[in-house]
Amino acid sequence: MSSLLLNAPQSAAHGVTLPRRAGVFRQVATAISTYTTRRATRRALARLDANMLRDIGVDPLHARQEVAKPFWLS
């Protein structure tokens, strides 16, 4: 997805002004991106052992709590 297309006020193909719903589409795309990033980050955190977690200053209990959260919760 190109941010240029999302921010463009007109459709390049038709010269038609995009509907106001384009803002909603942008919000949905942002939410999906955020959820995907959270999911990947939590999966990476789950792969770290207790020693690795301590090396980066994260308590293993806190890491387990974070990994257990669903992707839609921050």
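Values quoted throughout were computed directly from the atomic coordinates according to the rules given, and no laboratory measurement underlies them. It should be emphasised that the depicted structure is a prediction, and the values quoted were computed from it without experimental measurement. Positions of Cβ are backbone-derived with ideal geometry, glycine not excepted, and every protein chain shown enters the neighbour counts.
Points worth noting:
- For region 19-28, 3J(HN,Hα) computed residue by residue from phi via the Karplus equation (6.51, -1.76, 1.60; θ = phi - 60°) reads x, 4, 5, 4, x, 5, 4, 4, 5, 5 Hz, glycine and proline entered as x.
- Cβ crowding within 10 Å ranks LEU53, LEU61 as LEU61, LEU53, fewest other Cβ atoms first.
- DSSP-loop chymotrypsin sites (Phe, Trp or Tyr not before Pro) across region 13-74, with at most 10 other Cβ within 10 angstrom: TRP72
- In this structure the amide hydrogen of PHE71, modeled in the peptide plane, comes within under 5 Å of no amide hydrogen from residues 5 or more places off or on another chain.
- Fully extending the segment from ALA29 to ARG47, taken as 0.36 nm per residue of separation minus the present Cα-Cα distance, adds 3.7 nm.
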